[in-house]
1. Please give the number of the condition Glu130 fails out of (1) assigned to a loop (DSSP other than H, G, I, E, B); (2) of a type in the set (Asp, Glu); (3) under 15 Å from Met210 (Cα atoms).
2. With respect to Leu111, determine if the residue is at negative phi and at pLDDT below 95.
3. Would you check if there is a residue in segment 116-134 being at pLDDT 95 or above, open to solvent by 40 Å² or more (accessible area, probe 1.4 Å), within 15 Å of Gln198 (Cα to Cα) and among the charged types (D, E, K, R)?
4. Regarding Leu94, is this residue within 19 Å of the chain's Cα centre (by Cα) and either over 30 Å from Val49 (Cβ atoms) or buried (at least 21 other Cβ atoms within 10 Å of the Cβ) (or both)?
5. Does Glu192 fit the bill of being of a type outside the set (A, V, I, L, M), assigned to a helix (DSSP H, G or I) and open to solvent by 10 Å² or more (accessible area, probe 1.4 Å)?
6. Hey, could you check segment 171-183 for residues that are modelled with pLDDT of 95 or more and surrounded by fewer than 21 Cβ atoms within 10 Å (Cβ to Cβ) and say which is nearest to the chain's Cα centre (by Cα)?
7. Quick one: in segment 146-170, which of the residues that are closer than 15 Å to Pro126 by Cα and in a loop (DSSP other than H, G, I, E, B) is most open to solvent (accessible area, probe 1.4 Å)?
8. Report the residue count in segment 39-85 for those that are open to solvent by 30 Å² or more (accessible area, probe 1.4 Å) and either among the polar types (S, T, N, Q) or not in a strand (DSSP E or B) (or both).
Amino acid sequence: MRYKNIHEAIFRERPNRFIAHVEQDGKMVVAHVKNTGRCAELLVPGCKVWLEYSENTARKTPCDLVAVEKQTPRGPLCINMDSAAPNAVAGEWLAAGGLGKLDKLRAEYKLGDSRFDFYAEQEGRPMLVEVKGCTLEENGLARFPDAPTLRGVKHVRELTAFAKQGWRCCVLLVVQMKGIHTFRPNWDTHPEFGLALQQAAAAGVEVRAMDCIVTPDSLKIDAPVLVDLTAP
């Protein structure tokens, strides 16, 4: 996926989870933050960020904050932090055969009182895929979530139930950066999510993590990342 009309800026502050104050060409700009997570380790005052300007002049904010440069011991790391991007790139990856040849691929599939990110069929077998975007990393280790996610636990438990009925089910963790060696659940922040992933994997749900090639104006799923569901 690609963004249009990308501009570089400097992050200054985030007064609430929806907006950021950034400095661009010496002027202060209010940007919409396309991620309601905490992202405290990413949005550090003075860090470099990238904004996508909208053509919609009726918007309250002129642009979206979509990527950030994080300073790490390995050097600067470009991280996409757009919470809508993982589903977009997952759709591209699935359509291109990331999980094999799929038929009837559909996004936002309603089933009962739930809505799943993707539905498909594979040789007649129904399949569900739930996508989770991951932006939290420490020394090459990616973790999810960065804040408790009851919705995430619900999704994983629903996939577990369908896997027990014979469906192919997958939790796809889209790590929105490169340079990651391992993915682990964030046991410190939400152990219930880690336990749900463990139980899902035991029931046959595929838990996959994929890193991404990230530039300020693009995101593309690239390579598998080792998944470690072991509790500390």
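The values are calculated or read from the model by the stated rules, or taken from the named source; none is laboratory data. Quick caveat: nothing in here was measured; it's all calculated off a predicted structure. Neighbour counts run over all protein chains shown; Cβ positions are idealised from the backbone, glycine included. In case anyone asks, the SASA skips ligands and DNA or RNA and just uses the protein heavy atoms, side chains included. Shrake-Rupley method; radii C 1.70, N 1.55, O 1.52, S 1.80 Å.
1. (1)
2. Numbers: at negative phi: yes; at pLDDT below 95: yes.
Considered against the rule, which asks whether it is at negative phi and at pLDDT below 95, Leu111 comes out as yes.
3. No, that holds for no residue.
4. Values: within 19 Å of the chain's Cα centre (by Cα): yes; either over 30 Å from Val49 (Cβ atoms) or buried (at least 21 other Cβ atoms within 10 Å of the Cβ) (or both): yes.
So Leu94 passes the test.
5. Working: of a type outside the set (A, V, I, L, M): yes; assigned to a helix (DSSP H, G or I): yes; open to solvent by 10 Å² or more (accessible area, probe 1.4 Å): yes.
Yes; evaluated as a whole, the condition is true for this residue.
6. Within segment 171-183, the match that is nearest to the chain's Cα centre (by Cα) is Lys178.
7. Filtering segment 146-170 for residues that are closer than 15 Å to Pro126 by Cα and in a loop (DSSP other than H, G, I, E, B), the one most open to solvent (accessible area, probe 1.4 Å) comes out as Gln165.
8. 18
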